[in-house]
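Below is one structure, written out as structure tokens; the observations come after it.
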Amino acid sequence: MQLDYTQLPLVDSAEVVVVGSGSAGSTAAIASARMGADTLLLERYGFLGGTSTMILDTFYGFYTPGDNTRRVVGGIPWEIAQRLAARGMMLERPSSYGAGTAITYDPETLKVVWEETAEEAGVRLRLHTFCTDVLVESGRITGLIVDGKSGLGVIKAKMFVDATGDADVCFRAGVPFQPAGEDGPSAHETGQSQWPLSPPARGRQRAYHTPPRRSRHQHDTRRLRRCNRSDSTDESGDRGTQTGTGICPFPAQRGCGL
Ligand SMILES: Cc1cc2nc3c(=O)[nH]c(=O)nc-3n(C[C@H](O)[C@H](O)[C@H](O)COP(=O)(O)OP(=O)(O)OC[C@H]3O[C@@H](n4cnc5c(N)ncnc54)[C@H](O)[C@@H]3O)c2cc1C
């Protein structure tokens with residue numbers, strides 16, 4: 001059954017509407033608002049950050065992989081990392097599997113940092129708002145169909161950014177796409193899934209599950225875990241949060257979970 005969208009109320013409009021407030025969407029919305037555009041950021045959940053605040057506690061990708069790691073990402077993402085650091089909720093450490101320097105953070109603080117940075121930039125937020133469909137006229141998206149506590153409605157804009165992580169907006173607009181796994185292994189072949197795996201992926205899966213030899217960094221991480229749990233005295237004799245990789249800024253009583 002196709003709903004008659006012409007009967008739906010116009011609930012908002014903006015110059016730029018960003019759908020999805022993960023790292024990509026929040027960054028895009030902050031950049032857009034700082035450039036002076038009236039920017040609306042839609043998010044189906046009640047907080048910003050997407051996977052970065054829902055699931056993860058470590059950013060990779062700021063630094064090049066390997067031992068001689070070098071930071072290659074700046075801009076708004078680095079500003080977010082610095083805002084975490086200013087709150088004492090960010091720790092740079094060697095990655096356990098050669099991905100270069102990793103940035104471990106407290107995800108609850110990151111929710112606050114994303115929102116604060118977006119609001120300072122002038123981004124308007126609409127949380128608990130799910131984009132279910134789009135309006136297309138002459139090959140251009142002219143509006144979104146959104147759902148929430150108030151029911152269905154329309155949001156209009158000159159420009160839309162699909163940052164849903166799943167290309168929901170593009171899909172609804174009829175943009176062609178290639179299904180994952182059609183031409184080769186897809187992202188589900190991580191070694192943790194129940195999906196049938198191709199022979200090369202099975203090899204990778206075995207490698208994934210073979211316990212690696214303990215590296216210097218894994219040793220450091222174990223110390224980090226231990227010192228945060230106890231919040232007392234670590235192996236080096238320092239109180240609280242001194243670790244082999246540096247000073248862990250997360251006080252144990254906050255339960256950062258490392
Ligand atoms: C298993 C796994 C482990 C990973 N581990 C790491 C790691 O340790 N470190 C690291 O740096 N990266 C990691 N990554 C990669 C990282 O998660 C992604 O690169 C990053 O989250 C992508 O950000 P994004 O903003 O594009 O999407 P997302 O973070 O997925 O954000 C999408 C946002 O859009 C919202 N949304 C979706 N659909 C709609 C809709 N229709 N209407 C309204 N809102 C919508 C979602 O609620 C979400 O907030 C991992 C990825 C996976 C899958």
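Rule-based calculations on the coordinates, nothing more; no lab input. Everything numeric here is computed off the predicted structure, so don't read it as measured data. Every residue, glycine as well, gets a Cβ built from its backbone with ideal geometry; the counts of neighbours run over all protein chains shown.
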Check your understanding: Roughly speaking, what is the stretch gain from ARG87 to LYS158, that is 0.36 nm per residue apart minus the C-alpha to C-alpha distance, in nm to one decimal?
Key -> 21.9 nm
Exercise for review: Over all directions, average the projected area of the Cα convex hull of the stretch 1-139 and note it in nm².
Suggested key: 11.0 nm²
Check your understanding: How far apart, in nm, are the 7 Å Cα→Cβ label points at LEU3 and LEU56?
Key -> 3.3 nm
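Tell me the trypsin sites (Lys or Arg not before Pro) within the stretch 21-105 that lie in a loop according to DSSP and have at most 12 other beta-carbon atoms within 10 Å.
Working: sites: ARG34, ARG44, ARG70, ARG71, ARG83, ARG87; in loops: ARG44, ARG70, ARG87.
Filter output for the stretch 21-105: ARG70.
How long are the semi-axes of the equivalent ellipsoid of the stretch 10-49, taking √(5λ) for every eigenvalue λ of the Cα gyration tensor, in whole Å from largest down?
Working: eigenvalues 50, 40, 7 Å².
In descending order the semi-axes read 16, 14, 6 Å.
Taking square-rooted eigenvalues a ≥ b ≥ c of the alpha carbon gyration tensor, is the stretch 25-86 rounded, prolate or oblate, where a/c under 1.5 means rounded and, failing that, a/b exceeding b/c means prolate?
Details: a/c = 2.57, a/b = 1.53, b/c = 1.68.
Since a/c reaches 1.5 but b/c is at least a/b, the shape of the stretch 25-86 is classed as oblate.
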Exercise for review: Pull out a ≥ b ≥ c, the square roots of the eigenvalues of the alpha-carbon gyration tensor of the stretch 107-192, then state rounded if a/c is under 1.5, prolate if not and a/b is larger than b/c, and oblate in the remaining case.
Suggested key: oblate
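In debye, nearest 20: dipole of the stretch 74-165 around its Cα centre with unit charges on the Cβ of K, R (+) and D, E (-)? Each step should come with its number before you reach the end.
Numbers: 10 positive and 12 negative charges, 33 e Å.
My answer is approximately 160 debye.
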Exercise for review: For the stretch 69-143, just the Cα set please: Rg and Dmax, both in angstrom.
Suggested key: 17.6, 51
Study note, to complete from the structure: Length gained, TRP78-GLU116, 0.36 nm per residue minus C-alpha separation, equals 12.2 nm
Point to revise | Hypothetical label at SER138: residues of the stretch 146-179 whose amide nitrogen lies under 16 Å (7 Å Cα-Cβ projection) | key: 157-159
